[in-house]
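What follows is a short report on a single structure.
The values are calculated or read from the model by the stated rules, or taken from the named source; none is laboratory data. Treat the numbers as computed from the prediction; the structure is a model and nothing was measured. Reconstructed Cβ throughout: ideal geometry from the backbone, glycine too, with neighbour counts over all protein chains shown. Only protein heavy atoms, including side chains, enter the accessible area calculation; ligands, DNA and RNA are left aside. Shrake-Rupley method; radii C 1.70, N 1.55, O 1.52, S 1.80 Å.
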Amino acid sequence: MNNVDTGKRGEKIAVEFIKKKGYLILKQNFYTHWGEIDIIAKKDNTVTFFEVKTRVGDNKGKPYEAINAAKIRRLHRPIQLFLLQNDLKNYKLSLDVISI
C-alpha cells in the first residue's frame, strides 16, 4: 500500500468517525493552489476544518507530529477561501487533527 492509498483509507475512517460524532460533512478534499483541506464539517454553530494524518507504524513518529506551525499557517488561506465561497460568516471555527 502506498502513501496515497494509506491517506485515502485514513480519510475514509476519519469521515465515518466524524459522522458518528454528529457532524455534517460539507466538503472533502477542498483543493486550492495554496493547499488542501482534508475534511470540512459542521456541527451546531461551528465549522470544523479537519487535517487527517495517517501512518502505518511508528517508525516515522506519530501522525499528529507532522502537524507543525508551518502546516497550520499553510491552511489559513484555503480556510479563508472556503469561508468566503460558502458565505459562512457567523460560525465559530475550529481546526482539528485526526491522527490514524
Within the chain, helix-based [θ] at 222 nm, where runs of 4 or more DSSP H residues each add -39,500 (n - 2.57), nearest 500: -12000 deg cm²/dmol
DSSP-defined beta bridges in the chain - what % are antiparallel, rounded to 5: 60 percent
Other-chain or far-sequence residues with amide H under 5 Å of Thr54's (modelled H): Ile100
Residue-wise HN-Hα coupling along the stretch 69-78, computed from phi with Karplus coefficients 6.51, -1.76, 1.60 (Hz; x: Gly, Pro): 4, 5, 5, 5, 4, 5, 7, 4, 5, x
Cα-centred dipole magnitude for the stretch 20-100, charges only on beta-carbon of K, R (+1) and D, E (-1), debye, nearest 20: 60 debye
Share of carbon and sulfur in the accessible heavy-atom surface of the chain [1.4 Å probe, %]: 49 percent
Largest-first ordering by accessible area, 1.4 Å probe, given options His33, His76: His33, His76
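To the nearest 0.05, how large is the calculated FRET efficiency for His76 and Val56 if R₀ is 35 Å and r is the Cβ-Cβ distance? The partial results should precede the final answer.
Numbers: r = 30 Å, r/R0 = 0.84.
It comes out at approximately 0.75.
Using the structure shown, list the pairs from Lys20/Lys60; Lys43/Lys89; Lys12/Lys89; Lys8/Lys62; Lys27/Lys92; Lys21/Lys60 with a Cα-Cα distance above 26 Å, or answer none. Don't jump to the answer; show the numbers that get you there.
Details: Lys20/Lys60 29 Å; Lys43/Lys89 15 Å; Lys12/Lys89 28 Å; Lys8/Lys62 18 Å; Lys27/Lys92 17 Å; Lys21/Lys60 29 Å.
Correct reply: Lys20/Lys60; Lys12/Lys89; Lys21/Lys60.
Largest first, how would Asp5, Asp44 line up by accessible area (1.4 Å probe)?
Details: Asp5 75, Asp44 135 Å².
Putting Asp5, Asp44 in descending order of accessible area: Asp44, Asp5.
Under a 1.4 Å probe, what is the accessible area of the stretch 17-75 per residue, stated in Å²? Could you put the intermediate results ahead of the total?
On the way: 3770 Å² over 59 residues.
Each residue of the stretch 17-75 exposes 64 Å² on average to a 1.4 Å probe.
Write out the trypsin sites (Lys or Arg not before Pro) in the chain meeting two conditions: DSSP loop, and at most 15 other Cβ atoms within 10 Å of their Cβ.
Values: sites: Lys8, Arg9, Lys12, Lys19, Lys20, Lys21, Lys27, Lys42, Lys43, Lys53, Arg55, Lys60, Lys71, Arg73, Arg74, Lys89, Lys92; in loops: Lys21, Arg55, Lys60, Lys89.
Sites meeting the loop and neighbour criteria: Lys21, Lys60, Lys89.
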For the stretch 50-100 versus the stretch 16-41, the gap between their alpha-carbon centres in whole angstrom: 10 Å
